[in-house]
Amino acid sequence: MLWAKKRPPEPAPRALVPAALAVEFDERCFERHFKALLAAAEDRHGVEAWLDALAEKQRRLALATAQGNLAAAIDLVFGARRKLGPHADDPALVRAVAGLGDDAVPLEARIAAGVAAAPAGTGTGREERRAAAKRARGAHDLAVELVHFGDPVRWPLMARWVWDRATMSGALRELVAGGEAMRELALENTPGTYEAARRWVQERVAARGIYRDVHFWADLVLAAAYGHYFRAMTGGTLGSDFERGTHPSEQITGLLGIDRILRGASRSKS
């Protein structure tokens, strides 16, 4: 059930200035993914349960960060679980995570420090280099999710699956009319880009009379869009782990790292 219409609240102070985008997002693309999200949610737990799970993830990540429990935080981040799980006690990674909330340091520098703290390994062969690159990607996913869920109203979700300039892939491609046929999109991996895209999505969510948890609604719509992109491409940057969620609802909740929260809630009700 959608939230009843009411006067929208005053916008919260923003820390980011949205970038001027060189591409135009399409209303019909949004509508397609918004409807797909509602259908997928209705087929499973329901949108309200997903919103509650995202709020619970925010609470758990805050607790894990406060307690220095990096393993618990990693477990809630899809892109970091397998890549960083064995390295939850790495001192450099722990220090970098602790510094993500330091507003005295520019946001991009904090995220870069998180990536740089990924365990490099000791070997020099091709396989070790590939493993180190995967850990760096996992560290990026962990850093941007901790930033976002640390204050989801203030910071957009800057995950690779939202947009990855290096591979020209991500949910944002799904918001551009004909984007699937374009070789390149003029979108950068900057916080301003993610903020501009998020505001665009939030405006369309609010236009449908939804004013509560709009920041989490944006996350859900983007996850639905990436799920469609991934299925259309029959592959993707997140690899075989993402394919395990064969139903759209499983892909959406898995991508956002709330799958285990929802399973726990289901067990507690049984």
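Of note:
- Among (1) under 19 Å from Phe216 (Cβ atoms); (2) modelled with pLDDT of 95 or more - the single one Arg32 does not satisfy: (1)
- Sub-7 Å Cβ pairs linking a first residue in segment 78-102 that is closer than 21 Å to Gln251 by Cβ to a second residue that is modelled with pLDDT under 90 and open to solvent by less than 50 Å² (accessible area, probe 1.4 Å), at least 6 apart or interchain, are Gly79/Leu238; Arg82/Asp241, ordered by first then second residue.
- The number of residues in segment 27-44 being open to solvent by 100 Å² or more (accessible area, probe 1.4 Å) and within 17 Å of Glu174 (Cα to Cα) comes to 3.
- Conditions (1) open to solvent by less than 40 Å² (accessible area, probe 1.4 Å); (2) of a type outside the set (Phe, Trp, Tyr); (3) touching a residue at least 24 places away in the same chain (Cβ under 8 Å): number failed by His140: (1)
- Scan segment 63-87 for residues that are open to solvent by less than 10 Å² (accessible area, probe 1.4 Å) and over 24 Å from Asp219 (Cα atoms) and the total you get is 0.
- Residue among Phe216, Phe242 that alone is more than 15 Å from Arg32 (Cβ to Cβ), modelled with pLDDT under 95, part of a helix (DSSP H, G or I) and open to solvent by less than 20 Å² (accessible area, probe 1.4 Å): Phe242
The values are calculated or read from the model by the stated rules, or taken from the named source; none is laboratory data. Since the structure is predicted, the reported quantities are computational estimates derived from the model, not experimental observations. Reconstructed Cβ throughout: ideal geometry from the backbone, glycine too, with neighbour counts over all protein chains shown. These area figures cover heavy atoms from the full protein model, side chains too; ligands, DNA and RNA do not enter into them. Shrake-Rupley method; radii C 1.70, N 1.55, O 1.52, S 1.80 Å.
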